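The values are calculated or read from the model by the stated rules, or taken from the named source; none is laboratory data. Bear in mind the structure is a predicted one, so any value in this text is a computation, not a measurement. Reconstructed Cβ throughout: ideal geometry from the backbone, glycine too, with neighbour counts over all protein chains shown. Remember, those area values only see protein heavy atoms, side chains included, never the ligands or the DNA or RNA. Shrake-Rupley method; radii C 1.70, N 1.55, O 1.52, S 1.80 Å.
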Amino acid sequence: MTGEINYLQSTLNSIASIYTDVTFKYVTAAQAMQLALGFNDVTPPTYTVSRNSSTYIISSNETLWNNNPYIAVLYNNGAYSHPAASLIGTNTWKVEIPSSATASKIGVAANDLYGNPGVSVFSPLTPPQVPLPTVSAPTTQPPQIKIPIHGIVASNYLDSDHNPSKALDSDLSSYWGTSSAEGFPQSLTLDLWTLVPVNQVTTHFYDVDTRAYTYSIAVSTDGSTWTTVVPSKISGSAVSDSFAQVMARYVRIIVTHNTANTAVHIKEIAAYQATLAPTPTPSPSPTPSPTPSPTPSPTPSPSPSPTPTPTSNPTSTQSPTATPTVTPTAPATSSPTPIPTMSPSPTLTSTASPSPTSSAGTLNTETILYALAAAIVIIAAIAVLLVIRKRKSIKP
Ligand SMILES: [Ca+2]
Ligand SMILES: [Ca+2]
């Protein structure tokens with residue numbers, strides 16, 4: 001391939017030296033677009049990745065074309081998967097990578113808004129578990145949003161009439177109840193399905209009398225490592241516990257005592273998160289209303305995107321700056337309309353894929369193919385130009 005490109009380059013140089021009144025420019029498709037539209041973003045997007053169990057958070061340093069990176073996972077057995085990335089914040093996406101323990105490489109690829117391709121390959125095993133990001137509790141409690149519960153598991157339950165789902169049926173006459181023979185502790189675990197901000201749990205204990213329960217509440221991102229958000233306390237009937245907002249998938253209440261007997265009974269339980277800051281709609285109001293519009297109070301945004309700590313980032317093999325471009329310094333041209341030169345013009349010798357561990361070799365080949373295709377188009381254009389010139393010279 002390199003030989004073919006060299007041949008192509010020398011051929012172009014030869015043509016350029018003969019037809020000195022023709023300006024040659026060898027550019028990539030992205031660079032051609034830069035020239036045509038007059039902007040000069042030639043830097044590819046770069047990414048950072050953090051991991052929490054099988055959930056990966058990918059951030060880009062700039063807006064991506066289609067607002068969506070392409071993800072490819074290479075597994076140890078040679079298989080590939082292409083999990084979809086879902087947008088969770090500005091230039092931030094979440095990807096669930098199944099069987100991430102057996103994955104060997106994770107590739108992230110996208111173009112920025114100006115066609116510059118950015119590719120990074122990460123190792124899925126190097127990033128450590130991301131600690132639960134905590135947000136300081138707001139001084140004034142904003143309105144709360146009830147979080148959908150996708151699963152509920154109890155350490156124990158008495159019978160089907162007192163199974164864990166009875167704590168989620170919005171019916172205060174039904175409740176989750178354990179067998180008194182099982183004693184304490186007993187726990188009820190809510191599965192929120194994915195990492196979401198949580199800052200409040202409401203619990204409605206069985207309350208036909210003045211009994212009180214001793215309990216604590218913990219959260220987890222992976223179901224194995226738990227962080228206590230409500231230390232052990234005693235309460236009964238309906239109780240609401242607020243805490244500094246955390247990112248969690250699992251919420252667990254652990255009951256260690258009941259003043260009435262040795263069983264646990266919860267009528268209803270729910271988890272909440274703070275209201276997100278309203279996104280301002282850029283609607284230019286043509287009629288200036290005399291009444292001041294009630295601007296939304298600056299509710300402290302819970303910042304749903306868990307900003308990854310820098311240490312958790314994998315050692316990113318930098319995106320191989322492909323786009324092997326050649327800028328043959330064409331001889332002095334007499335072209336009246338000089339084409340603006342591209343400022344950063346990497347030379348052909350800067351071959352892509354600097355990292356030996358990078359598995360993005362196929363992408364480099366693609367880029368070279370694109371460059372070849374662009375060169376062929378240019379040659380064709382020159383040929384047409386030459387024919388036209390020749391015909392013009394023949395005509396009287
Ligand atoms: Ca860019
Ligand atoms: Ca119930």
* Order the following by accessible area, largest value first: Asp241, Asp209. Probe radius 1.4 Å; ligands, DNA and RNA are ignored. => Asp209, Asp241
* Report the FRET efficiency, 1/(1 + (r/R0)^6), for Leu37 and Arg389, where r is their Cβ-Cβ distance and R0 is 30 Å, rounded to 0.05. => 0.55
* **Stokes-Einstein D (µm²/s) once Rh is taken as the Kirkwood radius of the range 1-96 over alpha-carbon pairs, at 10 °C in 1.306 mPa s** => 91 µm²/s
* Structure fact -> From highest to lowest solvent-accessible area (probe 1.4 Å; ligands, DNA and RNA excluded), Val95, Val377 read Val377, Val95
* Structure fact -> Computed ³J(HN,Hα) along the range 240-255: with the Karplus parameters 6.51/-1.76/1.60, θ = phi - 60°, integer Hz and x for glycine or proline, the list is 10, 10, 9, 7, 4, 4, 10, 8, 8, 9, 10, 10, 10, 9, 10, 9
* Asked: What accessible area per residue, rounded to a whole number of Å², is obtained for the range 66-117 using a probe radius of 1.4 Å?
  -> 48 Å²
* Under 5 Å, built H, 5+ apart or other chain: amide partners of Leu113 -> Trp65
* Asked: Ordering Leu113, Leu12 from largest to smallest accessible area (1.4 angstrom probe), what's the sequence?
  -> Leu113, Leu12
* **Proximal aspartates and glutamates to Lys146, defined as alpha-carbon separation beneath 19 angstrom and excluding residues fewer than eight positions away on the same chain** => Asp169, Asp171, Asp191, Asp241, Glu268
* Structure fact -> Probe 1.4 Å, all chains present, heavy atoms only: Arg51 accessible area in Å², nearest 10, is 40 Å²
* **Contour excess over end-to-end distance, with Cα ends at Val208 and Ser14 and 0.36 nm allotted per residue** => 60.3 nm
* Give the Debye-formula value of log10 I(q)/I(0) at each listed q (0.13, 0.19 Å⁻¹), with one equal scatterer per alpha carbon of the range 71-123, two decimals each. => -0.35, -0.70
